[in-house]
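Worksheet: the structure to be examined is printed underneath.
The values are calculated or read from the model by the stated rules, or taken from the named source; none is laboratory data. Keep in mind that what you see is a predicted model, and the values were worked out from it rather than measured. Positions of Cβ are generated from backbone atoms using ideal geometry, with glycine treated the same way; all protein chains shown enter the neighbour counts. Accessible surface areas use protein heavy atoms only, side chains included; no ligands, DNA or RNA. Shrake-Rupley method; radii C 1.70, N 1.55, O 1.52, S 1.80 Å.
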Amino acid sequence: MSNAARATLPGHNEPAVDQSDRVVPINLRQTGPTPVELLISTRIRKGPYWHLAVAAGCWRAEVYNRVYHPRGYIRPEDGGAMAEYDALVNDVTMWNVAVERQIQVTGPDAEAFVNFVITRDAAKIPVMRARYVILCNEDGGILNDPVLLRVAQDEFWFSISDSDLMLWLQGVKVGQPFDVRIREIDVAPVQIQGPRSADLMVDLFGADAAALPSYWLMEGTVAGLPVLVSQTGFTGEKGYEIYLRDATLHAEEMWNAVLEAGRAHNLKVIAPAHHRRVAAGILSWGQDMDAETLPFQVNLGYQVPRTKTADYVGKAALERAREQIEAGTPPFRQTMVGLRVGGKPIDDYAPDFWLVRRDADGEPVGYLTSPWYSPELQCNISLGYVPVELSALGTELVVDLPDQYCDEPGRPVPAEVVEVPFRPSVNPNTRERLKERGMDAAV
């Protein structure tokens with residue numbers, strides 16, 4: 001059936017993709033682009049850097065963590081997201097990521113509380129270090145995948161992804177004997193990403209910045225303002241995040257100081273480069289996973305250590321799921337894979353979860369979550385869900401792309417299950433490092 005023919009079907013959610021293991025199925029309706037004006041109102045936060053992002057050329061945005069989030073600075077006629085990608089992989093870029101709201105946990109029982117809500121062992125995180133972590137509900141579903149910063153012995157910051165973690169943390173504390181305080185703080189980060197990021201950071205903070213190892217923290221100042229610096233990012237490239245304290249009061253001073261220092265390094269303000277994070281296999285909560293997704297479905301099994309003896313939320317469900325997987329009866333039907341996808345370059349965000357089929361005449365069996373064109377690999381790549389039995393490397397499938405990306409309008413394009421990450425990262429994450437050591441990070 002051609003794309004054009006499918007477009008005439010009633011707008012029901014695709015019934016042939018088996019999602020019977022979910023309570024709320026992913027909405028797989030193929031609506032295509034539906035241009036609407038983004039209403040700017042006081043219900044959604046602008047974030048301290050919003051007006052500065054607009055001044056830098058932001059022309060489109062979405063909402064993330066109930067904060068307006070810039071998603072484009074260079075207009076399509078001038079190269080769009082692919083031109084922003086060039087700045088990231090060749091020079092240095094700054095991103096407004098104030099949407100990474102900072103949830104602070106402080107108090108005598110801070111470590112014990114954090115250990116109860118994350119799957120990894122909080123006691124193994126030294127002061128002034130960070131870790132990528134996940135928090136799960138009692139069913140083992142992923143609630144959030146923040147970067148966790150240990151600022152002091154009794155102080156942690158959750159730099160959260162796109163779900164309201166503060167309310168859940170405060171709810172968990174009710175009735176529990178933890179002596180902690182949980183609140184959002186006025187700290188807003190920017191990301192500094194790209195091969196020339198270390199040079200810029202040295203200009204801002206001195207030689208110590210260049211020597212900062214991955215996921216380490218350091219204190220510093222920008223324009224005389226106190227900040228926390230981490231060697232982290234959303235790209236797999238060399239990168240840092242600068243966390244400005246009292247950001248609502250001092251956003252302009254820091255932003256402009258970074259811009260001024262960046263002139264010597266060809267700094268560009270860009271939106272988060274999802275085409276690069278896909279190549280690195282970095283997940284986006286709400287797009288690649290949600291509260292009904294088990295870590296084992298999305299190659300995050302390494303986040304569920306067998307050696308953690310302390311109890312934590314979701315532990316029983318996760319251990320039971322691992323046993324089922326090892327017995328060959330996983331408690332889920334769909335699993336995430338990497339796909340090399342044919343067709344013309346996908347050069348912008350997908351408005352739908354595009355469908356995956358066994359062959360051109362078959363019914364839908366899965367869907368793409370994060371498709372983009374990779375200039376380095378010179379092909380389309382994507383994360384996506386397929387049935388477990390179709391997840392082996394080398395499995396050949398087809399994907400329904402919009403006609404603008406098809407080699408032949410109305411015909412699906414070929415796809416192949418491949419390894420993730422799609423290319424080595426300059427800054428390899430834990431999953432990549434485990435793989436390099438020959439360890440299975442999935443389970």
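Inside the stretch 285-307, can you point out the residues that are open to solvent by less than 10 Å² (accessible area, probe 1.4 Å) and not in a helix (DSSP H, G or I)?
D288, M289, T293, L300, V304 - these are the residues of the stretch 285-307 that are open to solvent by less than 10 Å² (accessible area, probe 1.4 Å) and not in a helix (DSSP H, G or I).
Give the residues of the stretch 167-205 that are of a type in the set (A, V, I, L, M, F, W, C) and under 30 Å from H265 (Cα atoms), sorted by residue number. Don't jump to the end; show me each part of the working.
The first filter runs over the stretch 167-205 and keeps only residues of a type in the set (A, V, I, L, M, F, W, C), leaving 167-169, 172, 174, 178, 180, 182, 185, 187-188, 190, 192, 198, 200-202, 204-205.
Within the stretch 167-205, V187, A188, V190, I192, A198, L200, M201, V202, L204, F205 qualify.
Criterion first (in a loop (DSSP other than H, G, I, E, B), touching a residue at least 40 places away in the same chain (Cβ under 8 Å) and open to solvent by 80 Å² or more (accessible area, probe 1.4 Å)) does T31 satisfy it? It would help to see each step written out before you state the result.
Numbers: in a loop (DSSP other than H, G, I, E, B): yes; touching a residue at least 40 places away in the same chain (Cβ under 8 Å): yes; open to solvent by 80 Å² or more (accessible area, probe 1.4 Å): yes.
Taking the combined requirement at face value, the residue satisfies it.
Can you name the residue in the stretch 317-372 that is within 18 Å of A291 (Cβ to Cβ) and part of a loop (DSSP other than H, G, I, E, B) and is also least open to solvent (accessible area, probe 1.4 Å) among such residues?
Checking each candidate, the answer is F332.
Of all residues in the stretch 384-424, which are modelled with pLDDT under 95 and either open to solvent by less than 20 Å² (accessible area, probe 1.4 Å) or aromatic (F, W, Y) (or both)?
Matches in the stretch 384-424: G410 only.
Grab the strands (runs of 3 or more DSSP E) fully contained in the stretch 170-260, keeping just those with 1 or more residues being modelled with pLDDT of 95 or more, open to solvent by 20 Å² or more (accessible area, probe 1.4 Å) and of a type in the set (K, R). Before you say what the answer is, go through the steps one by one.
Numbers: elements: 181-184, 187-193, 217-222, 225-230, 239-245.
Of the strands (runs of 3 or more DSSP E) lying wholly inside the stretch 170-260, those with at least 1 residues that are modelled with pLDDT of 95 or more, open to solvent by 20 Å² or more (accessible area, probe 1.4 Å) and of a type in the set (K, R) span 181-184, 239-245.
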